[in-house]
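Inspection log for the structure reproduced underneath, given as structure tokens.
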Amino acid sequence: MTILDGKKISNDIKDEITEQVKKMKAKGEKVPHLAAIIVGNDGASLTYVASKVRACERVGFESTMVRLSNTTSEIELLDKIEELNQDSNIDGFIIQLPLPPQINTQKVLMAVNPDKDVDGFHPMNFGKMALDMSTFIPATPFGILELLDRYGVETKGKHTVVIGRSHIVGRPMSILMGRKGFPGNSTVTLTHSHTKNITQITSQADIIITALGQPNYLKAEMVKDDVVVIDVGITRVPDENAPKGYVITGDVDFENVSKKASFITPVPGGVGPMTIAMLLKNTLLARERHLQ
Ligand code: GUN
């Protein structure tokens with residue numbers, strides 16, 4: 001069994017990006033600049049955005065964090081987005097999700113200039129992805145592809161089962177794994193809350209990608225020998241013995257499933273750090289596009 005070490009690979013990618021930034025600086029070019037808008041005070045979202053800003057500093061990018069209150073109206077947020085769309089200093093930006101209930105998420109995501117949409121959530125970019133056109137691929141799916149690629153995990157002709165159809169992970173992942181090319185060329189089954197007999201499906205899977213947010217959902221009895229398991233779950237489970245009062249728990253019963261798996265991602269240290277590295281990669285791509 002091989003651990004797909006997202007922490008190590010993400011550090012490799014950040015080192016590669018750092019080198020590219022140094023070259024940009026040496027040529028006197030402006031370095032990539034990522035902005036992140038966060039609305040409200042959700043603890044997990046604040047932690048993610050802080051990690052994204054720290055990652056920018058590490059690779060030599062500029063970063064801007066825009067904090068808006070929980071009571072921000074949709075119009076105020078749309079105004080802020082327009083400001084960032086117009087700001088030639090900013091190459092790419094993200095709006096951390098989820099947003100408070102008074103704000104229509106789809107409307108907001110559609111207001112982002114697709115050329116600055118480094119999360120790849122705008123329908124134009126999502127559509128381009130589905131049509132095999134060059135575009136920003138959402139960071140978490142992009143990170144999973146990169147992990148599979150760097151570990152040389154075969155995906156061609158395999159049966160990939162995706163659990164969960166979120167717009168951020170499950171849906172794009174199901175499209176990407178079925179695309180022509182590598183990683184891709186899989187036969188894909190997308191399962192969700194209305195899927196019947198899920199164990200019958202997962203036990204036939206060569207590759208399982210879980211993005212459910214249900215701790216320890218995938219059990220050893222649900223998988224076959226030599227399965228490849230990608231765990232996208234990151235749920236904070238209360239634990240009074242843990243320093244922070246919670247532990248980050250994945251969707252997979254790692255202890256038992258890992259005994260049957262050929263490759264498996266840990267949580268933490270698997271997909272999570274890859275997401276941030278690929279957001280940086282998308283930001284670099286946005287900068288390079290703006291230079292052309
Ligand atoms: N919330 C959970 N994952 C993500 C992500 O990849 N991007 C943004 N903007 N928000 C998220």
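The values are calculated or read from the model by the stated rules, or taken from the named source; none is laboratory data. Small disclaimer: the values here were computed from a predicted structure and weren't measured. When we count neighbours, we look across all protein chains shown, and the Cβ atoms used for this are built from the backbone with ideal geometry, even at glycine. The area values use the complete protein model at the heavy-atom level, side chains included, leaving out ligands, DNA and RNA. Shrake-Rupley method; radii C 1.70, N 1.55, O 1.52, S 1.80 Å.
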Out of the residues in segment 105-115 that are in contact (Cβ under 8 Å) with a residue 12 or more places away in the chain and either loosely packed, with under 13 Cβ neighbours inside 10 Å or of a type in the set (G, A, S) (or both), which is farthest from V66 (Cα to Cα)? K107
On the basis of being open to solvent by 40 Å² or more (accessible area, probe 1.4 Å) and more than 16 Å from the ligand (Cβ to nearest atom), does V247 make the cut? yes
By residue number, the members of segment 167-214 that are within 16 Å of V229 (Cα to Cα), outside any loop (DSSP other than H, G, I, E, B) and of a type in the set (A, V, I, L, M) are M173, M177, V188, L190, I198, I201, I207, I208, I209
Condition test on H159, is it open to solvent by less than 60 Å² (accessible area, probe 1.4 Å) and closer than 20 Å to V228 by Cβ? yes
Could you tell me whether segment 251-266 includes any residue that is over 20 Å from E146 (Cβ atoms), surrounded by fewer than 24 Cβ atoms within 10 Å (Cβ to Cβ), in contact with an Asp or Glu (Cβ under 8 Å, 6 or more places away or on another chain) and modelled with pLDDT of 95 or more? yes
Pick from segment 186-241, criterion touching a His at 6+ places or on another chain (Cβ under 8 Å) and among the small types (G, A, S), ranking: nearest to N256 (Cα to Cα): A205
Of the conditions (1) under 25 Å from K8 (Cβ atoms); (2) open to solvent by 10 Å² or more (accessible area, probe 1.4 Å), K180 fails just one. Which one is it? (1)
Please find, among F142, F121, the residue that is within 16 Å of the ligand (Cβ to nearest atom) and either part of a loop (DSSP other than H, G, I, E, B) or acidic (D, E) (or both). F121
Within segment 42-90, track down each residue that is within 16 Å of the ligand (Cβ to nearest atom), open to solvent by less than 60 Å² (accessible area, probe 1.4 Å) and assigned to a loop (DSSP other than H, G, I, E, B). T72, I90
Every residue in segment 1-41 that is among the small types (G, A, S) and either surrounded by fewer than 17 Cβ atoms within 10 Å (Cβ to Cβ) or at negative phi (or both), please. G6, S10, A26, G28, A35, A36
